[in-house]
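Undergrad: Input: one structure, supplied below.
None of the figures in this text is laboratory data; all of them are computed from the coordinates on show. As the structure is a computational prediction, the values presented were derived from the model and not from experiment.
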Amino acid sequence: MAPGGNTFEVHAGPAVENLARVKQGDRVVVRYVEALAASLARPGQGGGGTATGQAGVARHAPGASAPTGTVGGQVRSTVTIDAIDKAAHTVTFSGAANRAQTVAVRDPEMQRFVDTLKVGDRVDLAYTESLAIAVEPLSR
């Protein structure tokens, strides 16, 4: 049941193991986290706007009572700052394929970082996201 009392259906593919151990009334807990780290790129540092990525998957231990798992990934790229709007807290940058992208900077610490930037600076970005799913059995 979703917040607000609404139910929804989720397709569990063949990679989901121990699904038969999930019982009606069990609670499926999903946690999603995303983060962005940025730092000034050193002169002559590689990257050239090319994005590199990595991903990983972890499953429950064999014989676990209920399905659990985590999936995550990270993309790293060196981008060039094209424009900065300090009043609106937005930054426009281009990276892979020279495609410009504008993002709003909401975190006060990152806003202070943006205040140190100027057009033409190269910045290393690391975008990370992960999803964890666990089943909490119904109290029996």
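Undergrad: With a/c under 1.5 counting as rounded, go ahead and sort region 66-117 into rounded, prolate or oblate using the C-alpha gyration tensor (a ≥ b ≥ c being the square roots of the eigenvalues; past the cut-off, prolate if a/b is larger than b/c, else oblate).
TA: Oblate shape, in that a/c is at least 1.5 and b/c is the bigger or equal ratio.
Undergrad: Mind checking the full-extension length gain between V119 and Q101? Use 0.36 nm per residue of separation minus the Cα-Cα distance, one decimal, nm.
TA: Working: separation 18, 0.36 × 18 = 6.48 nm, distance 1.40 nm.
Gain on stretching V119 to Q101: 5.1 nm.
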